[in-house]
Ligand SMILES: Nc1ncnc2c1ncn2[C@@H]1O[C@H](COP(=O)(O)OP(=O)(O)OP(=O)(O)O)[C@@H](O)[C@H]1O
Ligand SMILES: [Mg+2]
């Protein structure tokens, strides 16, 4: 379970998160929508401790992420994250990309790591690209590789930050299909996305962020069918 | 000697090799070739060792700079600036005679090796710094998000890319290292190619022939290095 | 450590050495740059094939130790040719060619960095080769080349420490002479190193600043 309690976060004078309260239960799929600069990415990077927070707290399975005593490296093994920008390690093959952290962080043996990597890459449909360097992959393939790389760490939670927004339209589908598959397998996920159709289909709940505030959160039928927040109404009419 | 017509078969193997009043005696120089080649081995040994040390120290200096610790950062910056802003000859001199002032007396070999390694490390650290700027921050972020420690992220993700970007500068530095071995002259180094050549010269006074031969050997060594670096790069960097 | 037996005369002696370093550097950089520009433009203009012999010769200067270049040149001129000539002249001659070899690369790189389209535009406006060169290529190539050229000039200053081998008493050599006499290596070396550093460091910084500023736009 991820519990976010009254989290505030500023970059200099700019307050990006203005007291967020949110709980994500095990097995839940939460999608986060909202305008650019509303603080969605920042929230995700705070959840796995890549960014410090100013006040409030975030608990993952009861462990406080930003407590001094927390071993972040250990915690991050539980929380996979895939970013908006592709960040394959260019000097490693696809297989090696997925093996690296398993060997270095989880201390798995090479064979174990390779087997797991091959399994996850097959899972996301890259079984035929194992020995290729990332520069030879399309954007969609790179994103799927990044998903496999995170999954290979056997995380309990997956965070996705607009994983399709840097992709050509014809490549969006393949990545969303991968996310759908994960959702149907019961993975706990937080997906920041601009794909409303996708949000409607897969989410248990949808959260709308506006200027650092979580303005509305509800199951998709409710949020899309009868939006209460005026900003959300504006946002939805603009995106349709 | 003056005005004497060179006799073929006397000491001159190249017909017509006399220029003006000077008799070239390539024979004599060529007879010394085995000794000079042994010197060339020492030269290469020093260059390779100094590069190995230099790369290791440069990586350390880069880590110092990245550490955010002010003292370590200052050490790194000082090292880099001294290495880059004083003559290599001065640096070698300093290792040999300067350390002598502290009661540390190093052999010519060690003085030369350490002096060149010091220079290599400074220049390479600066190169690494430039290379790091070309590696996006997202690489470290991605590595950290997979649970790697800062050091693991550096070692497994950032450093390999840094070394690739710096490969050409490293090759150039290796050539420099070879050329710098000649500076051992100031610390009475006499087993490297330059040292051997000048000892031979002191005995025979065939300065031009001997040093011309040494120049050819140096030239061949540097070309071999540049060529093999190219081949190595092709094998190493397939991405 | 600093109660030294260094006298005013010794300091003057060091200053003379420093002066020699600067003079040799200035002369070599001056002639080397002129030659380097000529070689660089030539190499660019005739293309890699026709420039191959020149490229080969210039590469030699960058592939054998400067110390050996100096010894060879000195031996060649004085014993082979039998010409009486000062070590100073040999030093300046060799260092000029040495500078030219590096400078030619820098110049060629600078010219190659000027976009072809820009030059074609200039020529299509009716500019002659010379006009194109002086009003389009030169200003733009200079921006690319100047930071490297500054680095080269500083490199030549540091490398000029090697001309002691042809009996030119420059800064490091005069330091060495004093060390032998006074037996205070550390103190004297520090003065000497400081001199190089105080000239090189600010200029190198300035070069870095130019490079950063010019690469941003
Ligand atoms: N490292 C940083 N330093 C300073 N400001 C930052 C930093 N990261 C984000 N910001 C600012 O914080 C605000 C929120 O950024 P965030 O990336 O969380 O928005 P977002 O909701 O993900 O937007 P988008 O949909 O464009 O990705 C933005 O105004 C952004 O400029
Ligand atoms: Mg974002």
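All of the numbers you see were taken from the coordinates with simple rules; none came from a lab. The structure displayed is predicted, hence computed values, not measured ones. As a convention, Cβ positions derive from the backbone with ideal geometry for all residues, glycine included, and neighbour counts pool all protein chains shown.
A few remarks follow.
- Expressed to the nearest 5 percent, the antiparallel share of DSSP beta bridges inside the stretch A:131-240 is 50 percent.
- Sorted largest first, extent of the stretch C:1-160 alpha carbons per principal axis (Å): 70, 42, 24
- Every pair of different Cα atoms in the stretch C:67-217 enters the Kirkwood calculation, which places the hydrodynamic radius at 18.5 Å.
- Longest to shortest principal axis, alpha-carbon extents of the stretch A:24-67, angstrom: 30, 28, 16
- Residue B:155/residue C:12 FRET efficiency (R0 60 Å; Cβ-Cβ; nearest 0.05): 0.65
- Centre separation in Å (Cα based) which lies between the stretch B:150-184 and the stretch A:77-155: 28
- Antiparallel bridges, percent of DSSP beta bridges restricted to the protein assembly as shown (to nearest 5): 50
- Against chain A, whose longest principal axis is taken from its Cα atoms, helix A:169-184 shows a tilt of about 90°.
- Where both bridge residues fall in chain A, DSSP classifies roughly 55% of the beta bridges as antiparallel.
- In this label model, residue B:77 and residue B:239 are separated by 3.2 nm, measuring between points 7 Å along each Cα→Cβ vector.
- Taking the average, over residues, of other Cβ atoms within 10 Å as the packing measure, peptides A:13-22, B:44-53 rank B:44-53, A:13-22 from highest down.
- Computed FRET value (nearest 0.05) for residue B:60 with residue A:194, which takes r as the C-beta separation and R₀ as 51 Å: 0.70
- Residue by residue along B:92-101, Cβ atoms of other protein chains within 10 Å of the local Cβ number 5 on average.
- Label point 7 Å beyond Cα of residue B:172 along Cβ direction - residues of the stretch C:125-169 with amide nitrogen under 15 Å: C:144-156
- Averaging the sequence gap over all C-alpha pairs within less than 8 Å and six or more residues apart, then dividing by the number of residues, gives the stretch C:88-150 a relative contact order of 44 percent.
- Taken residue by residue and averaged, Cβ atoms of other chains lying within 10 Å of the Cβ of C:71-81 number 6.
- Against the main long axis of the alpha-carbon atoms of chain B, helix B:193-204 sits at an angle near 20°.
- Computed on the Cα atoms alone, the convex hull of the stretch A:1-100 gives a volume of 139 cubic angstrom per residue.
- The Cα atoms of the protein assembly as shown define a convex hull whose projected area, averaged across directions, is 41.2 nm².
- Size descriptors for the stretch B:36-236, from the alpha-carbon set: Rg then Dmax equal 19.2, 68 Å.
- Once both labels are positioned 7 Å from their Cα atoms along Cα-to-Cβ, the gap between residue B:37 and residue C:81 label points is 3.4 nm.
- Percent RCO, i.e. relative contact order, over chain A, from Cα pairs under 8 Å lying at least 6 residues apart: 26
- Highest-first arrangement of A:204-216, B:186-198, C:126-138, B:216-228, where packing means the average Cβ count within 10 Å: B:186-198, A:204-216, B:216-228, C:126-138
- Between residue B:70 and residue B:219, the FRET efficiency estimated from the beta carbon spacing at R0 = 60 angstrom works out to 0.85.
- Sorting C:15-25, C:80-90 by average packing, meaning the other beta carbons within 10 Å per residue, from highest down gives C:15-25, C:80-90.
- P(r) tail fraction, the stretch B:94-192 - alpha-carbon pairs more than 24 Å apart, %: 43
- The fraction of Cα-Cα pairs per 10 angstrom bin, counted from 0 for the stretch B:134-193, comes to 20, 29, 18, 18, 12, 2 percent, rounded to whole percents.
- Virtual spin-label span in nm between residue A:180 and residue C:38, 7 Å along Cα→Cβ: 7.4
- Over the stretch C:81-161 - Rg/Rh using Cα atoms and the Kirkwood inverse-distance radius: 1.18
- Computed from Cα atoms, the angle from the helix C:8-63 axis to the main principal axis of chain C rounds to 30 degrees.
- Over the protein assembly as shown: helical MRE at 222 nm, DSSP H runs n ≥ 4 each giving -39500 (n - 2.57), nearest 500: -20000 deg cm²/dmol
- One equal scatterer on each Cα of the stretch A:77-224, no solvent, Debye formula: the resulting log10 I(q)/I(0) at q = 0.11, 0.15, 0.17 Å⁻¹ is -0.42, -0.75, -0.94.
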